[in-house]
Amino acid sequence: MARTTAYVCSSCGTDSAKWHGRCPGCGEWNTLVEERIAPVQAGPRGGGAGAGAAGGSRRAAALKPVRLADVEAPAVKRLVTGIGELDRVLGGGIVPGSLVLIGGAPGIGKSTITGGALGNLAAAGRDVLYVSGEESAAQVKLRAQRLGPDALRAPIVAETDLDAVIATLEAERPDVCVVDSVQTLYASGLTGASGSVGQVREVAGRLMRVAKERDVAILLVGHVTKDGALAGPRVLEHLVDCVLQFEGERERTYRTLRALKNRFGSTNEVGVFEMREEGLVEVADASRRFVDEATRAPGSVVLCAMEGSRPLLVEVQALVAPSGLEQPRRVANGVDRNRLALVLAVLSRHARLQLGSADVFVSVAGGVRVEEPGADLAIALAVASASRGVPLGHGERPLAAFGEIGLTGELRYVAHPERRVAEAGKFGLSPVMSPSDSVRTIKAALQRALAGGRSESAAAAAA
Ligand SMILES: Nc1ncnc2c1ncn2[C@@H]1O[C@H](COP(=O)(O)OP(=O)(O)OP(=O)(O)O)[C@@H](O)[C@H]1O
Ligand SMILES: [Mg+2]
């Protein structure tokens with residue numbers, strides 16, 4: 001019997017009749033993935049495309065190129081989910097017929113946000129469908145009851161068989177469909193367990209075909225692996241139009257949603273949500289929350305970050321404590337570990353702040369993650385303030401700062417300084433410490449910040 005599936009290396013493309021732990025082609029471990037073989041079409045070979053019209057290759061009619069200006073493109077009307085922060089991250093709503101992947105750790109709120117969005121779309125008169133492979137219809141109903149009456153409007157099928165799901169999509173042709181989750185659907189042609197790389201790829205590929213042919217926008221919910229990558233292959237990210245990542249810690253209430261890839265919008269946008277009884281609530285004035293919660297204790301600095309096109313103020317906290325360990329701890333929450341290591345090295349080399357025998361903890365309050373290099377200066381100031389035990393700031397207000405730190409101890413400019421300063425000004429946080437003509441090095445920044453902090457604490461002690 002002819003083979004219908006093959007094991008293909010996802011790294012080098014070698015195909016093999018049976019599974020190997022190690023690819024016989026490139027020697028990589030664990031890269032062989034079961035794939036369906038497309039039936040070979042009879043007829044002349046269409047191989048060697050490209051390199052000249054070699055004799056024997058198939059003849060095809062020449063195509064007539066069209067100037068881009070003359071291409072007909074109807075204006076797409078986006079489907080607005082009614083969840084402002086989600087729409088913003090998507091670039092203004094869901095594009096009809098697009099495939100969106102929403103990834104996030106277990107329990108972060110993927111089903112909650114997609115359920116809420118579907119409910120809003122249904123209330124706005126759109127045809128929607130919720131495909132649940134993970135929970136029974138009754139379980140989904142329980143969540144929808146919490147979210148409110150609109151969420152109960154969305155029709156649901158609880159199914160894991162891909163063929164049944166596709167048949168339903170063909171019959172119902174909804175405007176928007178949520179598939180929760182892509183890892184639970186099962187394509188019967190492949191033997192791999194659902195959630196395996198081959199299965200996920202097949203499921204996503206076939207759903208994409210339906211999305212494009214029938215103009216059904218599909219939101220795929222995906223799990224992330226332990227190391228934070230979207231589970232399943234990276235090919236899934238290539239396949240879909242938009243990849244959204246839900247981040248945050250389950251124990252904390254704040255969650256952020258960011259676009260890692262977006263064919264129809266910027267990937268700079270970030271939405272901030274709060275998990276409440278009635279579901280995920282958008283936090284439109286996130287800066288105010290974080291500034292109000294900021295302490296003026298030693299080790300606290302407000303970072304003027306840019307989350308996409310939007311300035312966001314977050315509190316960076318540091319704790320420096322004597323360590324009993326041979327290798328002192330370096331713990332980073334919400335900032336990159338390597339970035340913290342770099343900042344500590346620059347502090348020790350260029351600002352004479354020796355932390356070799358101290359544990360250093362740095363955390364962004366509220367469970368927010370900041371990825372931009374503009375966070376360096378705030379991290380450095382928070383660590384220095386914690387290490388010296390001197391609070392930084394002006395009067396009742398904490399110090400606000402932003403700027404990148406270079407390896408030679410210099411401060412580097414970052415994008416949108418005026419918008420960051422303006423956002424800080426809104427909350428009375430001025431002046432802002434940032435790279436400027438008078439503050440060009442980390443040493444100068446520290447001297448200025450610590451001198452300001454110390455003179456104030458001395459004045460307070462004298463009073
Ligand atoms: N009554 C409630 N009040 C407040 N928050 C709740 C309540 N019930 C559930 N939650 C929150 O909702 C979260 C679960 O949300 P949801 O089911 O949308 O997550 P998920 O990302 O779909 O998870 P999974 O990966 O398991 O499918 C819980 O972790 C909890 O924080
Ligand atoms: Mg879920």
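Side notes on the structure shown:
- Extents of segment 268-389, taken as max minus min of Cα coordinates on every principal axis and listed largest first, are 47, 29, 24 Å.
- At 0.692 mPa s and 37 °C, Stokes diffusion of the chain via Kirkwood alpha-carbon radius, µm² per second: 130
- Among 210-219, 351-360, the peptide with the highest mean count of other Cβ atoms within 10 Å heads the list, and the full ranking is 210-219, 351-360.
- Net charge, residue 371 excluded, C-beta distance under 14 Å - Lys, Arg +1, Asp, Glu -1: -3
- Exposure proxy ranking, count of Cβ atoms within 10 Å, fewest first, for 178, 331: 331, 178
- Positive minus negative residues near residue 202 (Lys, Arg vs Asp, Glu; Cβ under 12 Å): +1
- Segments 404-412, 137-145 sorted - mean Cβ within 10 Å per residue, highest first: 404-412, 137-145
- Relative contact order [Cα under 8 Å, 6+ residues apart], the chain, whole percent: 12
- FRET efficiency, residue 330 to residue 296 (Cβ-Cβ, R0 30 Å, nearest 0.05): 0.75
- Whether segment 54-213 is rounded, prolate or oblate, judged on the alpha carbon gyration tensor where a/c under 1.5 counts as rounded: oblate
- Using 0.36 nm per residue and subtracting the Cα-Cα separation, the extra length available between residue 142 and residue 354 on full extension is 70.9 nm.
- Taking a ≥ b ≥ c as the square roots of the eigenvalues of the Cα gyration tensor, segment 294-364 is classed as prolate, since a/c reaches at least 1.5 and a/b is larger than b/c.
- Cα gyration tensor shape for segment 333-417, rounded if a/c is under 1.5, else prolate or oblate: rounded
- For segment 117-198, the relative contact order is 36 percent, taking Cα pairs closer than 8 Å that sit 6 or more residues apart in sequence and dividing their mean separation by the residue count.
- Spin-label model, residue 19/residue 288: points 7 Å from Cα along the beta carbon direction are separated by 5.5 nm.
- Take the Cα radius of gyration of segment 157-313 and divide it by 2.2 N^0.38 Å, N being the number of residues; the result is 1.27.
- In this simple spin-label approximation, residue 172 and residue 26 carry label points 7 Å from Cα along the Cα→Cβ vector, and these lie 3.9 nm apart.
- For segment 317-458, the orientation-averaged shadow of the C-alpha convex hull comes to 8.5 nm² (one quarter of the hull surface).
- Across the chain: Cys residues that no other cysteine approaches within a C-beta distance under 4.7 Å: 177, 242, 304
- Selection of trypsin sites (Lys or Arg not before Pro), segment 65-113, meeting DSSP coil and at most 10 other Cβ within 10 Å: 67, 77
- Karplus-based coupling profile of segment 146-156, in residue order and whole Hz: 5, 6, x, x, 4, 4, 6, 6, 6, x, 10, with θ = phi - 60° in 6.51 cos²θ - 1.76 cosθ + 1.60 and x standing for Gly or Pro.
- Note on segment 347-403 and segment 82-96: Cα centroid distance 35 Å, given to the nearest whole angstrom.
- Calculated FRET efficiency for the pair residue 127/residue 260, C-beta based, R₀ 41 Å, to 0.05: 0.90
- Local electrostatic count at residue 304 - Lys and Arg +1, Asp and Glu -1, tallied over other residues with Cβ under 12 Å: -1
- Residue order, fewest to most beta carbons within 10 Å, for 111, 10, 16: 16, 10, 111
Since every read-out is calculated from the coordinates, none of them should be taken as a lab result. Model, not experiment: these values are computed from the prediction. Note: ideal-geometry Cβ built from the backbone for every residue, glycine included; neighbour counts use all protein chains shown.
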